[in-house]
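*Asks:* Take this structure first; my questions come after.
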Amino acid sequence: MRRLIPALLAVTVTASTAFAADKVRFAVTEIEGLEQLQTEFGPFRDKLQQLTGLEIEFQPVSSRTSAVEAMNSGLLELALTGPSEYVVMHEMTKADVIVGWQRPDYFAQVVTIAGRGINSPKDLTGKKIAFGSAGSTSTHLGPAQVLTDQGSATARTTSRCTSTATLRSRL
């Protein structure tokens, strides 16, 4: 049985060019903008430069899609991405994992409103279920896998909406 929890973060790299140059361009797929990238990953970049002897240059991307395009265009060598994003990126760029780690306190959750008769995953069969962004490990793939692992709430037996605003309007 596959488990998506705890989530695994993967650093990916295009193997053909990443260490052939003295400069490696680095992106984090969940962070938009150079300023936020510098603030949140400046110390990581500095340590990586120290350990590798390579110049690490930040390359902001607006999404997983833009990271894929940058890799395929030779404008990006290294990306920090989540596990579900990595699967897509690998398929589209042939990028490989060079390091990964787990976050032991990172979990997907299935939450319901008390008093609505939902006491187990099987009670969700036939109900509308809101998920986060398609492809998100913690708000889409993880909860979907939990429901599948419990033998209930498959795509055939539930109606999914990916907008919590849409779900709230139906409550």
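Taken together, the values in this text are just the output of simple stated rules run on the coordinates, not laboratory data. Note that the structure is a prediction, hence the values are computed from the model and not measured. Note: ideal-geometry Cβ built from the backbone for every residue, glycine included; neighbour counts use all protein chains shown.
*Asks:* Arranged from highest to lowest average of other beta-carbon atoms within 10 Å per residue, in what order do the peptides 83-89, 117-123 appear?
*Replies:* The peptides rank, most packed first, as 83-89, 117-123.
*Asks:* Relative to the present Cα-Cα distance, how much length would full extension add between ASP123 and GLU91 at 0.36 nm per residue of separation?
*Replies:* That works out to 8.0 nm of additional length.
*Asks:* Sticking with this one: Which whole-Hz couplings ³J(HN,Hα) result when phi for each residue of segment 137-146 is put into the Karplus expression 6.51 cos²θ - 1.76 cosθ + 1.60, θ = phi - 60°, listed in order with x for Gly and Pro?
*Replies:* Working through the residues one at a time gives 5, 7, 10, 9, 5, x, x, 4, 5, 4 Hz.
*Asks:* Taking amide hydrogens as modeled 1.01 Å from N in the peptide plane, which residues meet the under 5 Å criterion relative to ALA130, leaving out close sequence neighbours?
*Replies:* Those qualifying (amide H under 5 Å, at least 5 residues apart or on another chain) are CYS161.
*Asks:* Rounded, prolate or oblate: which fits segment 95-136 when a ≥ b ≥ c are the square roots of the eigenvalues of the alpha-carbon gyration tensor, with rounded for a/c under 1.5 and prolate only if a/b beats b/c?
*Replies:* Verdict is prolate for segment 95-136.
*Asks:* Distance between the C-alpha centers of segment 37-57 and segment 71-110? Whole Å please.
*Replies:* Cα centres, segment 37-57 to segment 71-110: 18 Å.
*Asks:* Then there is this: Check which residues have an amide H placed less than 5 Å from VAL24's amide H, if you skip close sequence neighbours.
*Replies:* Those lying under 5 Å, H to H, from VAL24 are GLU55, ILE56, GLU57.
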